[in-house]
Amino acid sequence: MDGQAVFHATPHQLNATSDPLYHIISGSFRSLSLFLLAFSPFHRTLSLIQRVPAFGPHQYLAKNDRGDRVYATSWAQPPALSSWSIEKSDDHPWSIAHLNTASITATSSYISIPPPYTHLYSAGGPTGEVHAVDPSSGGFGEKVQQILFVPDDELLQADKSRAALRYGSHAVEISSRGQAFIPVLGTNSIRMYNVDHKSGHLSLLSDTKSPREHDGPRHVVISPDGRVLYSVTEHTSFVDVYNVTETTLVHLQSISILPPDSNPSDYRGDTLRLRPPSPKSSSPNHLFATTRGFDTSHKGFIAVFSILPTGLLDAHESKIERWQTPTSGGKANAIELKAKIAEDTIGSDRGAEGVWIALTDDEPDGGGLWILEWDGEGTGGFKIVVEWSSEGGVPMDGASHAIWLD
């Protein structure tokens, strides 16, 4: 673990009434630490509150429904997951403290904690896990299930390092209908499971192949009603849309994240997120997806797709908004969205229509955390609000994944 640094917030950061302040926690691919930062939409600043000794490099983070517990994957050996408490306060800076660590069989790349928030689901490479949430601490409790993505008799010899994330399982998401979905790059498919919410156990229902060879489905998100699934492919940078039945997925549509005439081999599809609910729209009406440049000579992209009432995406090229990211994104270019509120947009004639976007950047010699804003279709596109990569002699060394805590 590397050293800890705590930074004291300036007065405007503590005045939550007149100046909303949003907190972000970020991991890094090249630092062992976790970074707690505060974003002021009024001052348009991003400030470091605390760098905490951790068990990184941390690839992916998740939080509970209250945002006071955070769960992290790690590339460190031996494979493990870690949990953290967030001490929130209105009159002094927030802080992070380690709760516990859970040993796992293989390096994980993703964690989910769905309602009713009693179980944690993780996946990566040849294995996935289900852990109970410790009711007293909110940390990791008992491991109740291990899921395999290789035959049982091959597990002992299977690669369990971070390298296996390139061809094994890569994510896990749970729908409102009690179904789990795990994209597996190596089998070019998405596995679908039934979830027993009492025990947390997953039972395999089906394994749906991606519509093209060598797609490599990487991440998925599911519509709030659980009936439509969106997937991003790592090797071809497509967004695929599926109908979710009781037992399987039915492919409906494919749209590229990339501009026309791009070479998919120059990019690597990454993350996707639904636009969060806003005061004017309780259902998501846009899907955001990202791709990384294969190397520093190719910058990444964020694409925004309009969601039609059917759940399909508007495929008209004029309706797809693409924005080239400042760098390739390195191993990151991951996004998390936060809906704007009225207090964020004082003086704006658009009001609370937009989103704040936390974009992580791992490109060497330039990586960090970007805050972007997007105010809806026809409002001028993406705008860079602020970038953070170091402060007070404390470098991040590139960001991996960052989540909003408020």
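Quick one: is residue 226 on the phi > 0 side of the Ramachandran plot, surrounded by 22 or more Cβ atoms within 10 Å (Cβ to Cβ) and at pLDDT 95 or above? Judged against the criteria, residue 226 is not a match. Within the range 66-103, restricting attention to residues that are farther than 30 Å from residue 223 by Cβ and among the aliphatic types (A, V, I, L, M), the residue that is surrounded by the most Cβ atoms within 10 Å (Cβ to Cβ) is 96. Checked against the criterion of being within 28 Å of residue 130 (Cβ to Cβ) and more than 19 Å from the chain's Cα centre (by Cα), the candidates 57, 78, 41 yield just one match: 78.
Going by what's in this entry, would residue 29 be described as at pLDDT 95 or above and not aliphatic (A, V, I, L, M)? Judged against the criteria, residue 29 is not a match. Of all residue pairs spaced 6 or more apart or on separate chains, those with beta-carbon atoms under 9 Å, a first member in the range 382-398 that is of a type in the set (S, T, N, Q) and a second member that is in a strand (DSSP E or B) are 389/361; 389/368; 389/369; 389/395; 390/48; 390/368.
Determine, yes or no, whether residue 102 is more than 22 Å from residue 398 (Cα to Cα), assigned to a strand (DSSP E or B) and in contact (Cβ under 8 Å) with a residue 60 or more places away in the chain. So residue 102 does not fit the description; no. When the range 364-384 is filtered for residues that are in a strand (DSSP E or B) and either surrounded by 16 or more Cβ atoms within 10 Å (Cβ to Cβ) or assigned by the TED database to the domain that holds residue 112 (or both), the ones remaining, listed by number, are 368, 369, 370, 371, 372, 373, 374.
Is it the case that the range 210-220 has a residue that's closer than 26 Å to residue 274 by Cβ and surrounded by fewer than 22 Cβ atoms within 10 Å (Cβ to Cβ)? Yes; the residues of the range 210-220 include at least one that is closer than 26 Å to residue 274 by Cβ and surrounded by fewer than 22 Cβ atoms within 10 Å (Cβ to Cβ).
Taking the listed residues 227, 268, 218, the one that is without any contact (Cβ under 8 Å) to a residue 60 or more places away in the chain, among the basic types (Lys, Arg) and in the same structural domain as residue 192 (by the TED database) is 218, with no other qualifying.
Among the residues of the range 27-44, just one is in contact with a strand residue (DSSP E or B) (Cβ under 6 Å, 6 or more places away or on another chain) and among the polar types (S, T, N, Q), namely 33. The residues in the range 16-39 that are surrounded by fewer than 20 Cβ atoms within 10 Å (Cβ to Cβ), of a type in the set (Ser, Thr, Tyr) and out of contact with any Lys or Arg (no Cβ under 9 Å at 6 or more places or on another chain) can be counted, and the count is 2. Is it the case that the range 3-24 has a residue that's hydrophobic (A, V, I, L, M, F, W, C), out of contact with any Ser or Thr (no Cβ under 6 Å at 6 or more places or on another chain) and modelled with pLDDT of 85 or more? Yes, the range 3-24 contains a residue that is hydrophobic (A, V, I, L, M, F, W, C), out of contact with any Ser or Thr (no Cβ under 6 Å at 6 or more places or on another chain) and modelled with pLDDT of 85 or more. What's the number of the condition residue 360 fails, among (1) touching a Gly at 6+ places or on another chain (Cβ under 6 Å); (2) within 29 Å of residue 222 (Cβ to Cβ); (3) hydroxyl-bearing (Ser, Thr, Tyr)? For residue 360, the failing item is (1). Annotation: residue 89 fulfils all but one of (1) at pLDDT below 95; (2) touching an Asp or Glu at 6+ places or on another chain (Cβ under 8 Å); the unmet one is (2).
Look at the range 84-99 and say how many of its residues are of a type in the set (A, V, I, L, M, F, W, C) and in contact (Cβ under 8 Å) with a residue 60 or more places away in the chain.
Within the range 84-99, residues that are of a type in the set (A, V, I, L, M, F, W, C) and in contact (Cβ under 8 Å) with a residue 60 or more places away in the chain number 3.
The number of residues in the range 243-261 that are among the hydroxyl-bearing types (Ser, Thr, Tyr) and closer than 26 Å to residue 317 by Cβ comes to 2. Residue 164 meets each of the listed conditions (1) free of Cβ contacts under 8 Å to residues at least 60 places away in the same chain; (2) touching a Ser or Thr at 6+ places or on another chain (Cβ under 6 Å) apart from (2).
The values are calculated or read from the model by the stated rules, or taken from the named source; none is laboratory data. These numbers were taken from a predicted model, which means no experiment stands behind them. Glycine also receives a Cβ, built like all others from the backbone with ideal geometry; neighbour counts cover every protein chain displayed.
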